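Engineer: Sharing a structure, written as structure tokens. Questions coming.
Read-outs: derived from the displayed coordinates by stated rules, not from any lab. In this text, all values refer to a predicted model and were calculated from it rather than measured experimentally. A quick note on method: Cβ atoms are made from the backbone with ideal geometry, for glycine too, and the neighbour counts reach across all protein chains shown.
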Amino acid sequence: MDPQKVILISGLESSFKEDAVSATKATGLGQFVAGTFAERIAKSRHPELRALRGLSREELLEKRKDPRIGALALAEHIKDAEDRVKSAFKANGIRDNVTLADIYTVHNIGNPSMAVAARQGKMALAGVSVKAMRNNAQLYENGINTTAKQYMETVDRKFVVIDAKLRNGKRN
């Protein structure tokens, strides 16, 4: 796992604020919603994450704010997301390499449909709901008229900005 992927997605999701909470109640550096985090812990292969399985749901969800736990969970999530994108590309006859923006779409919307839609020249709505667009309006510069490719380009630009700030010693 390339740690830069964890760093850049954390920067985009939470601006590196471990106690960040979104409008959808996604929490922590990786901005996990409750169900996704609980599922991640339940199927985790990492011993530190597996050790959390005995916690109450409330205690478990509080762990989203722990930077180490959040980074470990995000690293596993990224690996699984990359595998899902590869499978979706194969199923749709897409031979492109998987990018960080492709991986991010799985983290952000829960499936690889946006990455596929971008390669097929479709609108972003082919891969995401209007509600999800509203919750992440900064990624859909043309609202419901945003193409999937435009969404991906916006995500890529945001990663470039975050990377440049980090290289210059800035977090935000």
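Engineer: What's the local net charge at Lys65, with K and R +1, D and E -1, over the other residues with C-beta under 12 Å away?
Structural biologist: Overall, the nearby charge balance is -1.
Engineer: Now a separate question. What dipole magnitude, in Debye to the nearest 20, does the range 1-141 give about its Cα centre under +1 on Lys/Arg Cβ and -1 on Asp/Glu Cβ?
Structural biologist: 360
Engineer: Could you give P(r) for the chain, binned at 10 Å from zero, as whole percent values over all Cα-Cα pairs?
Structural biologist: Reading the bins upward from 0: 10, 38, 36, 14, 1.
Engineer: Where in the range 122-171 are there trypsin sites (Lys or Arg not before Pro) that are in a DSSP coil and have at most 12 other Cβ atoms within 10 angstrom of their Cβ?
Structural biologist: For trypsin sites (Lys or Arg not before Pro) across the range 122-171 that sit outside H, G, I, E and B with at most 12 neighbouring Cβ atoms in 10 Å, the list reads Lys170, Arg171.
Engineer: Right, here's the next one. Classify the range 67-139: rounded, prolate or oblate, from the alpha-carbon gyration tensor (a ≥ b ≥ c, eigenvalue square roots; a/c under 1.5 rounded; otherwise prolate if a/b is larger than b/c)?
Structural biologist: oblate
Engineer: Further question: Of His77, His107, His46, how do they rank once you tally other Cβ atoms within 10 Å and put the fewest first?
Structural biologist: His46, His107, His77
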